[in-house]
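Readers should treat all values here as calculations from the given coordinates under stated rules, not as data from a laboratory. Being a predicted model, the structure only gives us computed values, none of them experimental. When we count neighbours, we look across all protein chains shown, and the Cβ atoms used for this are built from the backbone with ideal geometry, even at glycine.
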Amino acid sequence: MADPSPVMMVSKYPASRRAVVIRHVAFEDLGSFAEPLARHGYRVDYLEAGVDDLGGDEVRNADLLIVLGGPIGAGDERQYPFLTAELRLLERRLGDDRPTLGICLGSQLMARALGERVFGAGRKEIGWSPLSLTEAGRASALRHLAPEKTAVLHWHGDTFDLPRGAVHLAATPACENQAFRWGAGGLALQFHPEATPAGLERWFIGHTLEIETTPEVSVERLRESTRRLGPALLTQGPAFFDEWLAQAGAAARE
């Protein structure tokens, strides 16, 4: 039986704000983003999708909401009814322009909550490659993830249409809509800037079937590219998130 209360991270930093993090599988967690959150004074409460209540006011009114990735589809409500609650939560958060970050599945759910479709990309994008930033992307905190500074991790087979009114921030040859900004507080990222080399060893176990059934993808290749490219993201990912958190915190206080 699941713990009746969310898991709270213990921090050496004093916490004055609350971040709710929706996690779909245990090994896809905050990764390198945990330390910046603590430095910015956030107490982190993980909520486990499919187990914990996602519909309460304490979730909707959290200072920050982060929706992490996972192997299910953003349109799989019949198999996973909790997705309905996630979509309603995101509709309310984005409608109120509250600080909200979606990563991979989280970004797809944000697109759906804003009225756009999520659909198969035609082929899976799994592995390391650089982003192509738009002018708006280079003017944002994503500048820390510019291609001359780092590659990023991709792990998805679906994509989405850019929501009307959103600001397009990044693309790759395989996926045009890699990132968008919504209002002052919403940010959707199709890729994984939070990934760490050590943490990915758990992904290689948890996603073994997907790895084995995807052409030209193997644990050996992923591990080798992670060895070469992961250290740069381990520096640049938190730098991006640190700047975005400062901006999101300022927007929340306005």
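Note on the stretch 11-75: percent of Cα-Cα distances in each 5 Å bin, starting at 0 and stopping at the bin with the largest distance, equals 4, 17, 27, 23, 18, 8, 2, 1. Modelled spin labels at residue 136 and residue 223, positioned 7 Å past Cα toward Cβ, are 4.1 nm from each other. Computed as a quarter of the hull surface, the mean projected area of the alpha carbon convex hull for the chain stands at 13.1 nm². The packing ranking, built from the mean of other Cβ atoms within 10 Å per residue, places the peptides 162-170, 181-189, 110-118 in the order 181-189, 110-118, 162-170, highest first. Neighbour counting of Cβ atoms within 10 Å sorts the residues 149, 124, fewest neighbours leading, into 149, 124.
Okay, helix-only estimate at 222 nm for the chain: each DSSP H run of n ≥ 4 adds -39500 (n - 2.57), divide by all residues, round to 500 deg cm²/dmol; what do you get?
After summing the helix terms and dividing by the residues of the chain, the value is -10500 deg cm²/dmol.
Placing unit charges on the Cβ atoms of the charged side chains and taking the dipole of the stretch 169-249 about its Cα centre, the candidate lying farthest along the positive direction among 191, 247, 222 is 247.
Dividing the mean sequence gap of close Cα pairs (under 8 Å, 6+ apart) by how many residues the chain holds gives a relative contact order of 19 percent.
For the chain, with only Lys/Arg (+1) and Asp/Glu (-1) charged at the beta-carbon, what is the dipole magnitude about the Cα centre, in debye rounded to 20? Intermediate results must be reported in sequence, preceding the final value.
Details: 27 positive and 34 negative charges, 107 e Å.
Once rounded to the nearest 20, the dipole reads 520 debye.
Give me the net charge for the shell around residue 155: Cβ to Cβ below 12 angstrom, other residues only, Lys and Arg +1, Asp and Glu -1. Net local charge, residue 155 excluded: -4. Extension gain, residue 78 to residue 246, is 56.7 nm, computed as 0.36 nm per intervening residue step minus the present C-alpha separation.
Near residue 137: Cβ cut-off under 10 Å, other residues only, Lys/Arg at +1 and Asp/Glu at -1. The net charge is +2.
Ranked by the mean number of other Cβ atoms within 10 Å of their residues, highest first, the peptides 194-201, 236-243 fall in the order 236-243, 194-201.
Projecting the Cα atoms of 174, 110, 235 onto the charge dipole of the chain (Cβ charges, centred on the Cα centre) puts 235 farthest toward the positive pole.
With all pairs of separate Cα atoms included, the stretch 107-195 yields a Kirkwood hydrodynamic radius of 13.0 Å.
All alpha carbon pair distances within the stretch 119-254 were sorted into 5 Å bins beginning at 0; the resulting P(r) in whole percents reads 2, 10, 20, 21, 20, 15, 9, 4, 1, 0.
Using the Cβ of residue 105 as centre and a radius below 12 Å, the other residues enclosed give a net charge of -2, where K and R count +1 and D and E count -1. Among beta bridges identified by DSSP and lying wholly in the stretch 7-253, the antiparallel ones come to about 55 percent.
Shape summary of the stretch 1-140, radius of gyration then Dmax from alpha carbon positions: 15.6, 48 Å.
Site pair residue 123 and residue 96 shows an inter-label distance of 4.3 nm when each label is modelled 7 Å from Cα along Cα→Cβ.
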